[in-house]
Amino acid sequence: MGRKLVVWGGLGIVAVLALLVGLNSLSKAPCLQLVGDLTCRVETDDKIVALTFDDGPTPRGVAAVLPILDRYDARATFFLIGEDLKRHPQAARQILAAGHELGNHTYSHQRNVGRSRAFYREELGKTRQLLRAVGSDSDLFRPPYGRKLVGLPLEVERAGLKTITWDVADRAEEFPEPADYARDIVERARPGSIILIHPMYRGNATAREALPMNLAQLRDRGYDIVTVSELLNHQSSASPQ
């Protein structure tokens with residue numbers, strides 16, 4: 001009997017671990033969500049992609065990115081962290097003045113799984129107030145690390161925000177050379193893609209150096225490069241993709 005209990009106990013532990021691993025994978029799947037709406041791309045035949053940047057704003061990142069976007073007549077969506085936005089509100093104003101749009105990337109960029117509804121509400125609300133203070137009434141939201149299960153999506157829905165993820169994310173760890181990094185992104189892009197790039201911090205030099213190549217190659221392939229809001233206007237239905 002004791003041996004059976006040990007076996008069943010072991011199986012129970014394995015089952016719990018498998019469940020936790022499965023939930024972890026589900027929480028960070030960019031195109032899956034248990035509750036609420038989510039958009040990771042748009043179904044369209046138009047050669048159009050949305051370019052998005054995560055984190056910041058930082059003076060370094062904004063100063064590097066804005067002139068390149070202007071050079072290629074590209075528009076983008078910047079998902080900003082509230083703590084950085086509080087430190088650098090002028091950088092956010094520069095983004096808006098250049099014709100781009102902002103989005104909410106929570107206040108502290110902490111992992112958002114297993115937290116209280118009050119925590120989610122504060123993370124969203126504080127950042128939304130800071131966005132409004134610089135002149136943006138954006139309803140776009142992106143979860144840190146793409147992680148979301150139930151509580152965060154419910155609070156996002158309650159706040160009237162739209163969850164925007166991606167179907168093409170940069171992979172600087174796998175492609176540290178700017179030319180390889182850019183080629184990897186462009187080869188995975190397709191009509192309706194939402195592209196995620198991280199250019200804001202000191203360690204993101206590859207993304208900054210590769211950005212002109214990304215934009216030039218997308219243009220060469222006939223793509224218009226737009227904001228998320230502009231891309232959403234091209235979706236064939238209101239259903240999330």
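The values are calculated or read from the model by the stated rules, or taken from the named source; none is laboratory data. Just so it is clear, the structure is predicted and the values come from calculations on it, not from any experiment. Virtual Cβ from ideal backbone geometry, glycine too; neighbours counted across all protein chains shown. Ligands, DNA and RNA are excluded from the accessible area calculation, which covers all protein heavy atoms including side chains. Shrake-Rupley method; radii C 1.70, N 1.55, O 1.52, S 1.80 Å.
Table for the structure above
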item: Mean residue ellipticity (222 nm) of the chain, computed from DSSP H runs ≥ 4 via -39,500 (n - 2.57), nearest 500; result: -14500 deg cm²/dmol
item: Neighbourhood charge, 14 Å Cβ-Cβ cut-off, centred on Q90 and excluding it, Lys, Arg +1 and Asp, Glu -1; result: +3
item: Rounded FRET efficiency, nearest 0.05, which uses the C-beta distance separating E43 from Y72 and R0 of 22 Å; result: 0.30
item: Local electrostatic count at V156 - Lys and Arg +1, Asp and Glu -1, tallied over other residues with Cβ under 14 Å; result: +3
item: Within the chain: Cβ-based charge dipole about Cα centre, in debye rounded to nearest 20 (Lys, Arg +1; Asp, Glu -1); result: 980
item: Rounded FRET efficiency, nearest 0.05, which uses the C-beta distance separating Q90 from L32 and R0 of 35 Å; result: 0.40
item: Net length gained if the chain between R219 and N233 were fully extended (0.36 nm per residue, minus Cα distance); result: 3.0 nm
item: Counting all C-alpha pairs of the chain, share separated by more than 33 Å (%); result: 20
item: Cα-based Kirkwood hydrodynamic radius, the stretch 182-225, one decimal, Å; result: 11.0
item: Number of Lys pairs (Cα under 30 Å; 8 or more positions apart or on different chains) in the chain; result: 13
item: With every protein chain in place, the chain: carbon and sulfur % of accessible area (1.4 Å); result: 54
item: Most fluctuating residue given options G222, G146, G192, as computed from a GNM of the chain linking Cα atoms under 10 Å; result: G222
item: Pairwise centroid distance, computed over Cα atoms, of the stretch 179-241 with the stretch 93-156, Å; result: 21
item: Accessible area per residue in Å² at 1.4 Å probe, computed on the chain; result: 48
